[in-house]
Structures are given as structure tokens and as C-alpha cells.
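Take a look at the structure below.
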Amino acid sequence: MKNLNLYKEAVKLLQNNESFVMTTIFDKTGSAPRTAGAKMLVRESGEILGTIGGGRMEADAINLAKKIFASRQTLIHPFDLTSSDVKAMDMICGGKGEILLDFVDAGDANNLIIYESVVQVLENKEKAWFITILNNQAGSPRQQCLVKSNKSLVGNINCDPYILDKLINGPAKISIHAEVINNQRFLVEPLRQGGTVFVFGAGHVSQRVAALTEMVGFRTIVLDDREEFANRERFPEPIQTMVIDSFEHLPNLDIDEDSYLVIVTRGHLYDRVVLQQVLRSGASYIGMIGSRKKTSQIYRELMNKGFHQEELEQVYSPIGLNIGAETPEEIAVSIVGELIKVRAEKENLDKN
């Protein structure tokens, strides 16, 4: 599970009375790079655990972290990467954002309590939000707390409960984000996000699907091998677009159990080659557009390549709930409805 091992290591350091700097990537505009939420722990020796993407940005963060051990002050550092930096780090959109460099003091017992609670939340697959509060006044200490889904609070902070409730509700509750309220800066990090939808193909159906998945709390990435289709004009922020070289050789997409794959490319051949590559990816949902006849043909081709019937039966195809959808808008509603249903069933299983 994302960042769980890093948090466990942080707990060990705090138990051994060792302070550290925790770096976290986020974005202030809503168009976060793929690395948003990535974390790296920096020890006073310079040793690191985790990564925020490598390259110049990570090197700069490590150097800043080393200086923080002297000042013992948490800070936010902006970054603006060149196009070559972005490509090297495999970012999907943009190279602008911010990094929180948080000095975690082992002498503050509150830090150990919070980090132990974070580990517990992740291990139990609960929902919670890790909130860092920074005053805009220079030198003011930061505060941190953990807000659980039942609104209980872990950590000693001085903050209006109404503000905390506002921070974890609404569309932003499922993605790492920053807000400014009453001269305070809040970085809100959901420990369990709504999941990532990868949409393969950037046609008319994809446009409608991506708009809806963002509305219902999924992070959305649209992939296509045609730049004239996968672009900001057709898919506005915060939807992420990725122009790939070919559907036949997909890049590393970090697909895991919180991933939902929607295959809606421009043809039978591309649908098959995408399905072939992602069928054993471990995603919670794989859906493919097309008629039952087309689906059966693709399945036969894949079984000839060594895939098993049991694997293919896990694919949602024809994709979407059966609501008699015909237009791209209606098809999108049926697909996203199915995504919501699968996500809810997964969350219920995780609770039990």
C-alpha cells in the first residue's frame, strides 16, 4: 500500500528518538504531476527512504532537507522543471508544483502519536486525512493532525473544527491539495484516495467518461498515441493526459489495486493489445468497450496466447451498466456508474 512502509520506518525513527524531514510533492493549482503525493524521508545523515521522482527536483529537496536540520523549520519549496526534467521523471502533465519539507521532531511526542495512527489507518484500510497547518508568518511552528472518517481527531492542534470538516469534504477530499484559510495554509492529504482511472483512448466517449470520473472522486489519466486527441483543449485540468508512443508498448503506469482501467481505444486491434498488457496488472477493474461478438473474438485470440478463461471472466465487457445507453454521454454514465459500483464493493470488502 502506498507509503505504508515509509510511515512504518518513520515510526521506528521516532521511537529511537531520531528526527527527520518528510518531503511530500503536491500542487497548488490542481494540475498535479503524476508524482503528487509522493514522499521521501531524509535523515540527518543524508540517507533517504522513498522517492519523489528522482532527478534535479529530488536532489534539490535533499539539499534543502539537510539545511532544515539546523533551522528545525518546516517549509514549502516551489519547483518549476524544464521539459527535459519532466520527461526524465515520467511526469504526465506539467512540471510545476510545490514540495512540503516537514521537520518531524522526535522530541515532540505528538509526532509519534500521529505517525503511529497513520500506520494503523493504512493497515486497517480506513479513511483518514493527514493535515499539516502552516501559519503564513515566518518562523511560526507547524501543526499536524489526523482526521478520521468518523471526525475523530488525533493530535493536539488549535484549529476550528468547522474548518477541518470543510477541508475533508467536497471534491477535493480524495486528492492531496492545499488551501489558505484565515492566514493559515493547510495541506490536506487523504490517506486513502478514491482510486485512479486510466482511460485508454481519447475519443468522444473518453471525453465524457473523464469529466464524470473526476466529478465522482477518481483521479483520471487519459492515454492516447495521438497528440491531437490527448491534449489540454479536449481534456481540461485536473484531468491528466499522456501521449504515448504506441498502445502496443505501454509505459510503466504504476497500476495497482486502487487502479481502474477503461479500454475505449479507436479499434479492435488496439483494445486487444491494451487488454493483453493489463490483464495481469492487479487492477481492481478492467473494462473494455465493444459488442459481445467483438469481445468473444478478442478473448479467443488471448487464450491462444496463453491467457485463461478465469482471467478473462474478470473483465467487464461489454463495458458499463446495462441501462440501454446509446450516445457517448449515455455510455459514459453507464461506465462511470459501473466504476462507482465496483469501488463501493471493494471498500465494503476492505472493511470486513
Query raised in the report: Can you tell me which residues in the stretch 321-336 are aliphatic (A, V, I, L, M), in a loop (DSSP other than H, G, I, E, B) and in contact (Cβ under 8 Å) with a residue 12 or more places away in the chain?
Result: Leu321, Ile323
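Condition check ((1) surrounded by fewer than 17 Cβ atoms within 10 Å (Cβ to Cβ); (2) under 26 Å from the mean Cα position of the chain (by Cα); (3) touching a residue at least 40 places away in the same chain (Cβ under 8 Å)) across all residues:
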position: Leu269; (1), (2), (3): yes, no, no
position: Gly287; (1), (2), (3): no, yes, yes
position: Arg292; (1), (2), (3): yes, no, no
position: Ile298; (1), (2), (3): no, no, no
position: Glu310; (1), (2), (3): yes, no, no
position: Ile319; (1), (2), (3): no, yes, yes
position: Glu338; (1), (2), (3): no, yes, yes
position: Glu347; (1), (2), (3): yes, yes, no
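Residues are listed down the side, and each one gets a yes or a no for (1) among the hydrophobic types (A, V, I, L, M, F, W, C); (2) open to solvent by less than 80 Å² (accessible area, probe 1.4 Å); (3) modelled with pLDDT of 85 or more; (4) under 25 Å from the mean Cα position of the chain (by Cα):
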{"residue": "Asn110", "(1), (2), (3), (4)": "no, yes, yes, no"}
{"residue": "Tyr115", "(1), (2), (3), (4)": "no, yes, yes, yes"}
{"residue": "Gln120", "(1), (2), (3), (4)": "no, no, yes, yes"}
{"residue": "Trp129", "(1), (2), (3), (4)": "yes, yes, yes, yes"}
{"residue": "Thr132", "(1), (2), (3), (4)": "no, yes, yes, yes"}
{"residue": "Asn135", "(1), (2), (3), (4)": "no, yes, no, no"}
{"residue": "Gly139", "(1), (2), (3), (4)": "no, yes, no, no"}
{"residue": "Leu146", "(1), (2), (3), (4)": "yes, yes, yes, yes"}
{"residue": "Ser149", "(1), (2), (3), (4)": "no, yes, no, yes"}
Query raised in the report: Would it be correct to say that Leu302 is under 18 Å from Asp224 (Cα atoms) and open to solvent by less than 60 Å² (accessible area, probe 1.4 Å)?
Result: no
Requested in this report: Scan the stretch 153-186 for residues that are at pLDDT 85 or above and open to solvent by less than 10 Å² (accessible area, probe 1.4 Å) and jot them down.
Outcome: Phe186
Query raised in the report: Among the residues of the stretch 46-71, how many are open to solvent by less than 40 Å² (accessible area, probe 1.4 Å) and either in contact (Cβ under 8 Å) with a residue 40 or more places away in the chain or of a type outside the set (A, V, I, L, M) (or both)?
Result: 10
**Report entry** Selection within the stretch 271-285 - closer than 30 Å to Asn3 by Cα, open to solvent by 20 Å² or more (accessible area, probe 1.4 Å) and either charged (D, E, K, R) or part of a helix (DSSP H, G or I) (or both)
**Finding:** Gln276, Gln277, Arg280
Query raised in the report: Which numbered condition trips up Asn252, out of (1) part of a loop (DSSP other than H, G, I, E, B); (2) more than 16 Å from Phe200 (Cβ to Cβ); (3) open to solvent by 50 Å² or more (accessible area, probe 1.4 Å)?
Result: (2)
Report task. Restrict the check to the stretch 178-185 and report whether at least one residue is out of contact with any Lys or Arg (no Cβ under 8 Å at 6 or more places or on another chain) and more than 30 Å from Gln143 (Cα to Cα). Result -> no
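When the stretch 219-240 is examined, which residues are found to be touching a Phe, Trp or Tyr at 6+ places or on another chain (Cβ under 7 Å) and either at positive phi or open to solvent by less than 20 Å² (accessible area, probe 1.4 Å) (or both)? Steps first, please.
So in the stretch 219-240, the residues touching a Phe, Trp or Tyr at 6+ places or on another chain (Cβ under 7 Å) come out as 221-223, 225.
Correct list: Ile221, Val222, Leu223.
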Query raised in the report: Has the stretch 188-200 got at least one residue that is open to solvent by less than 70 Å² (accessible area, probe 1.4 Å), of a type in the set (D, E, K, R) and assigned to a strand (DSSP E or B)?
Result: yes
Report task. Can you work out which of the residues in the stretch 213-231 that are modelled with pLDDT of 95 or more and within 17 Å of the chain's Cα centre (by Cα) is farthest from Phe247 (Cα to Cα)? Result -> Val222
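The values are calculated or read from the model by the stated rules, or taken from the named source; none is laboratory data. If you're wondering where the values come from, they're calculated on a predicted model, not measured in any experiment. Glycine also receives a Cβ, built like all others from the backbone with ideal geometry; neighbour counts cover every protein chain displayed. Remember, those area values only see protein heavy atoms, side chains included, never the ligands or the DNA or RNA. Shrake-Rupley method; radii C 1.70, N 1.55, O 1.52, S 1.80 Å.
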